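Participant: Starting off with a structure, shown below.
The values are calculated or read from the model by the stated rules, or taken from the named source; none is laboratory data. Fair warning: this is a prediction, and the values are worked out from it, not measured in the lab. Here the Cβ positions follow ideal geometry from the backbone for every residue, glycine too, while neighbour counts run over all protein chains shown. Protein only, heavy atoms only, side chains kept; ligands, DNA and RNA dropped before computing areas. Shrake-Rupley method; radii C 1.70, N 1.55, O 1.52, S 1.80 Å.
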Amino acid sequence: IMAAIADPEKHVVVQTAPAVRAGLGEMFDLPIGTPVEGKMAAALRRIGFERVFDTDFAADVTIMEEANELLQRVTTGGVLPMITSCSPGWIKFCEHYYPDQLEHLSSCKSPQQMFGAVMKSYFAQKIGVKPEDMVVVSVMPCVAKKFESKREQQKVDGLADVDAVITTRELARMIRRSGILFNRLPDEDWDQDIMGDYSGAGVIFGVTGGVMEAALRTVYFKLTGKESEPIEFTAVRGHDAGIREASIDINGTVVNVAIASGMKSAKVLLDDIRAGKSKYQFIEIMGCPGGCIND
């Protein structure tokens, strides 16, 4: 990353996942969960990134794609339940242990990969940079994101959507190595050009149930023109695996949904699908218990 930043021919941009802002402060002796969004943006600029973005823009894009895909599957008799595809640890688990269930996965890339894809196509064109000279760096709470970025399926014309992924801890080490006194930094905002806007739906992606809620809110608004009421999830009785479910009425059609985090929970839901017993149309699965921020 530092070599790319030092290369005058390269245009190096960085994205950070929503969970990182809640975890980074702990590395600088701040209380656990302290939001350090502004100081993190300031630190990334001082490290040398040309543009500093929040992944939430790409999360919004993912939500729109996922909501439309769910609508299409429901209305055209597609494969149901549809299962979210934004957690690379969960995807790898499904590929290994439930390869017969892959058609249930959403076709959407994760927000990290969506961001890289848009940066190297639309954004690069807008600012007059060749895709091969655009270097996209991700700061993620998840080592599985490193693996995801290297997958052959995540390349277009031989170019990876995302060039490098570092974890929250690795970002803290970069900040220290650069001689930056993190706690003395001013609070700065993200870059706002083209990809700086995002909604509250993108922000809740890292929380268990956040992806599900964001997508359903979008579907509800698309079909009714109204905002949905908060979705009340309840624990599924008879399971200690931490699965929660809800039903939402959209123009007279009841959609049954479930959320689960951790592979123990995923296994219960996938075994039901395999046995033909699943009652759900939409399922969210996070690889880590509690989602990206263990909430």
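Participant: Please check: in the Gaussian network model of the chain (C-alpha springs, under 10 Å), which one of 183, 251, 68 has the largest mean-square fluctuation.
Facilitator: Answer for the Gaussian network model of the chain: 251.
Participant: Take every DSSP beta bridge with both residues inside the chain and express the antiparallel ones as a percent of the total, to the nearest 5.
Facilitator: Around 35 percent of the beta bridges assigned by DSSP in the chain are antiparallel ones.
Participant: I've got another one for you. State whether segment 48-94 is rounded, prolate or oblate according to the following rule on the C-alpha gyration tensor (a ≥ b ≥ c being the square roots of its eigenvalues): a/c under 1.5 gives rounded; otherwise a/b larger than b/c gives prolate, and the remaining case gives oblate.
Facilitator: In terms of gyration-tensor shape, oblate.
Participant: From the C-alpha gyration tensor of segment 3-62, pull out the three semi-axes of the equivalent ellipsoid (sqrt of 5λ each), sorted largest to smallest, in whole Å.
Facilitator: 23, 17, 7
Participant: Cα to Cα, under 29 Å, and not fewer than 8 places away if on the same chain: which lysines meet these conditions relative to residue 10?
Facilitator: 39, 109, 120, 126, 130, 145, 146, 150, 155
Participant: Okay, helix-only estimate at 222 nm for the chain: each DSSP H run of n ≥ 4 adds -39500 (n - 2.57), divide by all residues, round to 500 deg cm²/dmol; what do you get?
Facilitator: -10500 deg cm²/dmol
Participant: On the full set of protein chains, 1.4 Å probe, figure out the accessible area of residue 122 and give it in Å² to the nearest 10.
Facilitator: That residue has around 110 Å² of solvent-accessible surface.
Participant: For a quick check, take a GNM of the chain with Cα springs below 10 Å and name the residue from 38, 78, 252 with the largest mean-square fluctuation.
Facilitator: The residue with the greatest mean-square fluctuation here is 252.
Participant: Let me ask another. Under a Cβ-only charge scheme (Lys and Arg +1, Asp and Glu -1), can you give me the dipole magnitude of the chain about the Cα centre, in debye to the nearest 20?
Facilitator: 620 debye
Participant: HN-Hα J couplings of segment 54-62 from phi, Karplus 6.51/-1.76/1.60, θ = phi - 60°, integer Hz, Gly and Pro as x?
Facilitator: 9, 5, 4, 4, 5, 4, 4, 4, 4
Participant: Next question. How big is segment 1-131 along each principal axis, measuring the range of its Cα positions in Å and listing the largest first?
Facilitator: Largest to smallest, the principal-axis extents are 51, 42, 26 Å.
Participant: In degrees between 0 and 90, to the nearest 10, how far off the longest principal axis of the chain does helix 88-97 point, with axes built from Cα atoms?
Facilitator: Relative to the chain, helix 88-97 is tipped by roughly 50 degrees.
Participant: Quick one: putting +1 on the C-beta of Lys and Arg, -1 on the C-beta of Asp and Glu, what dipole do you get for segment 1-123 around its Cα centre, in Debye to the nearest 20?
Facilitator: Value, rounded to 20: 300 debye.
Participant: Please name whichever of 17, 98, 68 sits farthest to the positive end of the charge dipole of segment 12-117, dipole taken about the Cα centre and charges placed at Cβ: Lys and Arg +1, Asp and Glu -1.
Facilitator: In segment 12-117, that residue is 17.
Participant: Find which of 6, 255, 218 sits farthest along the positive direction of the dipole of the chain, computed with +1 on the beta-carbon of Lys and Arg, -1 on that of Asp and Glu, about the Cα centre.
Facilitator: Value: 6.
Participant: Please give every one of the aspartates and glutamates within straight-line cross-link reach of residue 222, meaning a C-alpha to C-alpha distance under 15 Å, and leave out same-chain neighbours fewer than 8 residues apart.
Facilitator: 60, 65, 66, 69, 213, 249
Participant: Quick one: 3J(HN,Hα) in Hz for segment 215-226, Karplus 6.51/-1.76/1.60 with θ = phi - 60°, rounded, Gly and Pro as x.
Facilitator: Working through the residues one at a time gives 5, 5, 4, 5, 4, 4, 5, 4, 8, 10, x, 10 Hz.
Participant: Mind checking which aspartates and glutamates have their C-alpha under 20 Å from residue 277, skipping anything on the same chain fewer than 8 residues away?
Facilitator: Partners found: 100, 103, 240, 245.
Participant: Based on Cβ point charges of +1 for Lys and Arg and -1 for Asp and Glu, what charge dipole magnitude is obtained for segment 94-157 about its Cα centre, in debye rounded to the nearest 20?
Facilitator: Dipole about the Cα centre, nearest 20: 320 debye.
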